[in-house]
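J.: The structure follows.
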Amino acid sequence: MTNLSTDWAQAWINNCAAAAHEHREELIELDRVIGDSDHGENVDRGFRAVVGAVTDETTADGPTVAEVLKLTAKTLMSTVGGASGPLLGTAFLRAAKAAGTGDLDAPTTASIIEAALEGITTRGKAAEGEKTMVDAWAPAARAARHAADAGHNPAEVLRAAAEAAAEGAEATVPMVATKGRASYLGERSVGHKDPGAASTALFIAAAADAAETAGQET
Ligand code: ADP
Ligand code: MG
């Protein structure tokens, strides 16, 4: 069983940046329909800055997973505007705390997803069913814990979380938004996927991809 190391954390944020860039227009379009068209721009700019910050700071003396996640949090908070910057920043900050001091085993991998969710709900006060990124993070956290409890390895824990996040994002389509900018539309938000839930599914898939790639190298 391969624990998740600093190489994984760096691959995760690189994959997030690549996914945000690749899906930029799609996320802008989702946010155009029920928001203000900036979500794709926000996360693309944010994760590009994160890659720069991590590359600059991590050349010297091998940072821990937690240090990479903490730097990610700080950079997202300072570069991503809107609602999603502070929310994702808090998610990564809580994940960093939950990561502890070393590599991540399967239960700790589940803990970082749970901690991210907790950070987002503490900060944004949204519950499931309100058509926000919580609708992707919450099922992801449950699936991650379930997989860890069943004895799966960290890469499998993250793949289970990614699949649940994608389903959760899809499930926001028929919801009425009651938090965030989309809530101004009320019933008119029905029929459209929430952009923050869509990007969350991409970011958790990015974590699973990074873990699977790391697993192949060892
Ligand atoms: P803004 O809404 O300020 O333009 P973004 O477009 O970057 O910011 O992000 C919008 C996303 O943020 C939404 O799709 C939703 O997933 C998420 N969001 C907004 N408010 C909340 C909240 N209170 N709790 C959780 N997520 C939220
Ligand atoms: Mg927006």
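The values are calculated or read from the model by the stated rules, or taken from the named source; none is laboratory data. Here the structure is a predicted model, which means the values were calculated and not measured. Backbone-built Cβ (ideal geometry, glycine too); neighbour counts: all protein chains shown. What goes into the accessible areas is simple: the full protein's heavy atoms, side chains included, and nothing from ligands, DNA or RNA. Shrake-Rupley method; radii C 1.70, N 1.55, O 1.52, S 1.80 Å.
J.: Listed residues GLU163, GLU130; which is open to solvent by 10 Å² or more (accessible area, probe 1.4 Å), among the charged types (D, E, K, R) and part of a helix (DSSP H, G or I)?
T.: Testing whether each residue is open to solvent by 10 Å² or more (accessible area, probe 1.4 Å), among the charged types (D, E, K, R) and part of a helix (DSSP H, G or I) leaves just GLU163.
J.: Look at LEU71 and say whether it is away from ligand 1 (no atom under 12 Å from the Cβ) and among the aliphatic types (A, V, I, L, M).
T.: Here the answer is yes, as LEU71 does meet what is asked.
J.: Specify which of the listed residues (ALA91, ALA53, ALA73) is more than 17 Å from the chain's Cα centre (by Cα), open to solvent by less than 30 Å² (accessible area, probe 1.4 Å) and at negative phi.
T.: Only one candidate qualifies: ALA53.
J.: Follow-up question, since we're still on this one. If ALA20 meets every condition in (1) over 17 Å from the mean Cα position of the chain (by Cα); (2) within 16 Å of ligand 1 (Cβ to nearest atom); (3) not polar (S, T, N, Q) apart from one, which number is that one?
T.: It fails just one condition, (1).
J.: Quick one: in region 185-197, of everything that is within 12 Å of ALA171 (Cβ to Cβ) and more than 12 Å from ligand 2 (Cβ to nearest atom), which residue is most open to solvent (accessible area, probe 1.4 Å)?
T.: LYS193
J.: Continuing with the same structure: Within region 169-218, count every residue that is of a type in the set (D, E, K, R), within 13 Å of ligand 1 (Cβ to nearest atom) and in a helix (DSSP H, G or I).
T.: Final tally of qualifying residues: 1.
J.: Still on this structure: Across region 81-109, which residue is nearest to ASN153 (Cα to Cα) among those that are touching a residue at least 40 places away in the same chain (Cβ under 8 Å) and within 16 Å of ligand 2 (Cβ to nearest atom)?
T.: The extreme case among them is LEU88.
J.: Could I ask something else about it? Just give me the residues in region 95-116 being buried (at least 24 other Cβ atoms within 10 Å of the Cβ) and either under 12 Å from the mean Cα position of the chain (by Cα) or closer than 17 Å to ASP44 by Cβ (or both), in sequence order.
T.: Passing the criteria: ALA95, ILE112, ILE113, ALA116.
J.: Can you tell me which residue is farthest from the chain's Cα centre (by Cα) among those in region 185-218 that are at pLDDT below 95 and of a type in the set (Ser, Thr, Tyr)?
T.: Taking the candidates together, the pick is THR218.
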